[in-house]
Amino acid sequence: MSTTRTTTRTLWVSLRAVVAFTVITGVLYTAVVTGIGQLALPSQANGSLIRDDEGEVVGSSLIGQPFVDADGEPLPAYFQPRPSAAGDGYDGGASSGSNYGPESPELVAAIEERRAQVADLEGIAVEDVPADAVTASASGLDPHISPEYAAIQVDRVAEERGLAASVVEDLVAAHTTVPPAGIGGSPVVNVVELNVALDGLAG
Amino acid sequence: MDATASAWLSGGLSLLTVLVALALVHRPLGDFLAHTYTSKRDLRVERGLYRVIGVDSSSEQTWQAYARAILGFSVVGMLAVYMLQRLQTVLPYSLDLPAVPEVLSFNTAASFTTNTNWQSYSPDVTLGYTVQLAGLVVQNFVSAAVGMAVAVALVRGLAYRRSGTIGNFWVDLTRGTIRVLLPISLLGALVLLAGGVIQNFAGFQDVGTLAGLTQVLPGGPVASQEAIRLIGTNGGGFFNANSAHPFENPAAWTNVLQILLLLLIPSAMPRMFGTMVGDSRQGYAIVAVMGALFLAIWAAAMAFEIGGAGTAPQLAGAAMEGKEARFGIAGSVLFGIATTGTSTGAVNSMHDSYTALGGMMPLLNMMLGEVAPGGVGAGLYGILVLSIIAVFIAGLLVGRTPEYLGKKITATQIKLASLYILVTPALVLIGTALSFAIPAVREDVEGTSIWNPGVHGLTEVLYAFTSAANNNGSAFAGLTANTDWFNSALGVAMLLGRFLPIILVLALAGSFAAQDHVPATAGTLPTHRPLFVGLTVGVIILVTALTYFPVLALGPLAEGLVA
C-alpha cells in the first residue's frame, strides 16, 4: 500500500516537474534566444540571405547551390561547387552525405566519373583534380570549395565571361576565408558569394 | 607545406586551442559546479519551482528514493516526448508534417530521455518546431541534468560518512538545469547566432537561385537547440546533417566553439569531484586518465584519416567524402573524437565514409565506455567505477583490502562495479548478434537497413548498438534505422544502457555513504599518482580490448587490413 502511494506521489511530482521544465527550458528559453536573435542579429538569425537588386532572395551565403542548366549540365560561366548527396543535389530540405564507405563500388565509380568530368570541363589532367571536387560533402549543402578547386576554374570562368583572369583571381581571393593558424578547419572559397559577385560585375 | 603537414598542424593547433580554453575554465567551472551542488541556499526561482513541483528542498533521499525519483521523472518525460510526436498534427508550427509513427516515436522518446539523441528519422522532414523545442530541447536540458545529478550523488557517497542519504534528486535536477545548463546555453546560443546559426520560425522558403533554379531553404529555432545539445552532450541535430549543416555550424571558428562546448562540463567535472572530496589531486588524476585516452585516440584517428587508405579515398586523393570543406580533415576528426569521447553523438562529418581504421576510432572511443571525458555526469561516474576496478586489481596484486578515498572496496562494491561494466558490452554484442542470428531480422537488416554491404555493413550495425547502449547517438548513418527492428532494439538498448548503470551507480553511492572513513595507511594505494593513472588507463583498455576485439576483427579491422 505504502509502495503504491510512494510511486503515485513520485509520478505526480515528476509530472509537475516535466511541465515546469517544459515551460522554462522549452518555451521561455527558445523565446528569449529567438527574441534576441531577431532584434540584435536579424541577418544571421534569418539565414544569411542574399538578395538581388530588386530585393528578391537568391539564396543564402551559407547554403550551396547547384550552378547547372535544366539538364543538369554545369554552367561554364559559374564556379562549380562540390558534388552533393542532398536530394537531387543541394536540396535544402534534405541535408545528407552519401554515407558510402571507403570500399563502396558505387563511390569508386562516382569518383571516377566526376574526375573525368571535372578534368574535361577544366581542361586538365585527371591527376590534377582536387579531392573536394570529386567527393560529396557531409551536409550536401557545402557552400565552399578548396582554394585548389577554385584555382583550376579561374581560366574557364574568365573566358566565358570575357574577363581578365586576374580580375577573377582577385574576386576568388576576396571570397576566400583562411581560419587563423588553421584552427577549426581549412581555407575555403565561398562559391555562392563568389558567383553572386561575378554576376554583380556584369551588371 | 604539403597537405599532410598542414593537416597535422591545423589539427594540432585546433586541439591546443581547445585544451588551453578548457584548462582556463577548469578550476572556476569545477568549483562552481561543486558549489552548485553543495550550497545550502536556494535561489528565488528555485524556491518557486520547488513549490510548483511539490518537494522539500531541505530533505535528502536514500539511494532507493533517489533512483525512484529519476525513474519516475524519466518515464513521465519519455511519455511527454512520445505524446508530442503522436499529436504533431494538432501542434502549432508543425510545418504540415504528419504524426510520427508509434515505433519511431518510442525510439525517439527513449533516445532523448536517455541523453542519447540517436535519430532514426531525418529531422528535416519528420519533426515540426514544437516537437523539437517542447520535446527534444527540454530533454536535452533535463536528461543532462539527470546525468550530472547521478555523478554528484556518487561523489557525495564517497564524501559522506555514515550517512543513510545521498542528496535530493529534485534539488540536483533543478540546480543543474537552472544554475549551470541554462546560463551557459543562453550564452552559447547567442555566440552561435552571431556566427550564422539560424533562429527563426520561418518554415521552408522557396528561393530562385542564381542559375534560375528553385531551392528550398529551411528555417527553425536552431541556435537555441544547438547550444544545449552540445553543452548537455546530447547531440541530436535540428537537421539531418547535424553539425555538418551550415545553418548549425557555419564556420571553422564555430566548429572550435562547438567542440569546446561539448567538452566543457565533462572536463570540469573531475575538478568538482576533487573539490567535493576535499582533495583536488584526485580530480587531476581523473583528468590525466581522460586526457591520455583522448590524445591517443585522436592521434590514431588523425593518422588514419590523413593517410587516407582505401580504394575511394586513394582515388579521390584524400578522405574528403562526407566531410565539409570548411572543416577539412583536421576539423572533422577533432569533432568526431570529441563527440564520441563524450556521449554527445553530434557529427560534423559522416563517420560511415571515414577510412576503415579511421572510422574504427570513434567506435572504439565509445567502446571505452565514453570516459574520455564522457557525457555530462556519465563520464565522471563511469570513470569512477573503472577507478574502483583499478583499485581492486591493484589490491589483488599486493594482497591487501583495497580502499578508495577512505572507503573500503568490498564484495558489495565490486559486484556493483562489475555489473556496471558488463551492461553495455552485453547490450552491444547481443544486439548486434541478434540482428544477424534471427533469420527474419537478418533478411530485413541486410535487405533494408545496411547501406554498404559486406564487412562495412557489419560495422554499421555494430556502431548502431555501440552508440545506443553507450547513449552516444552518432551513427554510421548509411544504416536505415527507421525499421521496426532497429527502432525497438535500439530503443531498448538505450533505455537499459542508461538506467541500469544509473541504478548500479546509485546503489554504489548508497553503499559508500553508509561507510565510515578508514584512515590511509602505508599499505594504501595513493590514487592521485601517475602509477594509478597508468593502472586505470590500462584497466580501461584491457576491459575494452578483451570484450570487443573479436567483433572489431570481423568489421573495421578486416576492412582496413585487407584494403
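Among the residues of the range B:44-62, is there at least one that is under 19 Å from B:VAL150 (Cα atoms), aliphatic (A, V, I, L, M) and touching a Ser or Thr at 6+ places or on another chain (Cβ under 8 Å)?
No, that holds for no residue.
Quickly run through the range B:210-229 and pick out the residues that are open to solvent by less than 10 Å² (accessible area, probe 1.4 Å) and free of Cβ contacts under 8 Å to residues at least 40 places away in the same chain.
B:GLN215, B:LEU217, B:GLY219, B:VAL222, B:ALA223, B:GLU226
Using the structure shown, decide if B:THR448 is touching a Ser or Thr at 6+ places or on another chain (Cβ under 8 Å) and either surrounded by fewer than 24 Cβ atoms within 10 Å (Cβ to Cβ) or of a type in the set (D, E, K, R) (or both).
Yes, satisfied.
Give the residue, chosen from B:PRO530, B:PRO556, that is touching a residue at least 60 places away in the same chain (Cβ under 8 Å), open to solvent by 40 Å² or more (accessible area, probe 1.4 Å) and closer than 21 Å to B:LEU293 by Cβ.
Residue meeting the stated conditions: B:PRO530.
May I ask you to verify whether A:VAL134 is of a type in the set (Val, Ile, Thr) and surrounded by fewer than 24 Cβ atoms within 10 Å (Cβ to Cβ)?
Spelling it out, it is not the case that A:VAL134 is of a type in the set (Val, Ile, Thr) and surrounded by fewer than 24 Cβ atoms within 10 Å (Cβ to Cβ).
Would you mind stating whether A:GLU148 is of a type outside the set (A, V, I, L, M), open to solvent by 10 Å² or more (accessible area, probe 1.4 Å), more than 14 Å from every other protein chain (Cβ to nearest Cβ) and part of a helix (DSSP H, G or I)?
no
Out of (1) touching a residue at least 12 places away in the same chain (Cβ under 8 Å); (2) within 21 Å of the chain's Cα centre (by Cα), what's the single condition that is false for B:ALA296?
(1)
For every residue, the table says whether it meets (1) open to solvent by 20 Å² or more (accessible area, probe 1.4 Å); (2) without any contact (Cβ under 8 Å) to a residue 60 or more places away in the chain; (3) in contact with a Ser or Thr (Cβ under 8 Å, 6 or more places away or on another chain); (4) within 14 Å of another protein chain (Cβ to nearest Cβ).
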{"position": "B:ARG271", "(1), (2), (3), (4)": "yes, no, yes, no"}
{"position": "B:GLY274", "(1), (2), (3), (4)": "no, no, yes, no"}
{"position": "B:VAL277", "(1), (2), (3), (4)": "yes, no, no, no"}
{"position": "B:GLY283", "(1), (2), (3), (4)": "no, no, yes, no"}
{"position": "B:ILE286", "(1), (2), (3), (4)": "no, no, yes, no"}
{"position": "B:GLY307", "(1), (2), (3), (4)": "yes, yes, yes, yes"}
{"position": "B:GLY310", "(1), (2), (3), (4)": "no, no, yes, yes"}
{"position": "B:GLU324", "(1), (2), (3), (4)": "no, no, yes, yes"}
{"position": "B:GLY328", "(1), (2), (3), (4)": "no, no, yes, yes"}
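So A:ASP69 clears everything in (1) open to solvent by 30 Å² or more (accessible area, probe 1.4 Å); (2) in contact with a helix residue (DSSP H, G or I) (Cβ under 6 Å, 6 or more places away or on another chain) except one condition, right? Which one?
(2)
Report whether or not A:LEU41 is facing chain B (nearest Cβ under 10 Å), free of Cβ contacts under 8 Å to residues at least 12 places away in the same chain, under 18 Å from B:VAL197 (Cα atoms) and crowded, with 18+ Cβ neighbours inside 10 Å.
Answer is yes for this residue.
Having 1 or more residues that are open to solvent by 60 Å² or more (accessible area, probe 1.4 Å) and either within 30 Å of A:THR3 (Cβ to Cβ) or acidic (Asp, Glu) (or both) is the bar; report the helices (runs of 4 or more DSSP H) wholly within the range B:1-120 that clear it.
On the way: elements: B:3-38, B:44-53, B:63-86, B:102-113.
Qualifying helices (runs of 4 or more DSSP H): B:44-53, B:63-86, B:102-113.
Here are some residues: B:PHE204, B:PHE169. Which one is open to solvent by 10 Å² or more (accessible area, probe 1.4 Å), more than 17 Å from A:GLY35 (Cα to Cα) and aromatic (Phe, Trp, Tyr)?
Going through B:PHE204, B:PHE169 in turn, the sole match is B:PHE204.
The values are calculated or read from the model by the stated rules, or taken from the named source; none is laboratory data. Quick caveat: nothing in here was measured; it's all calculated off a predicted structure. Because the Cβ atoms are built from the backbone with ideal geometry, glycine has one as well, and the counts that use them run over all protein chains shown. In case anyone asks, the SASA skips ligands and DNA or RNA and just uses the protein heavy atoms, side chains included. Shrake-Rupley method; radii C 1.70, N 1.55, O 1.52, S 1.80 Å.
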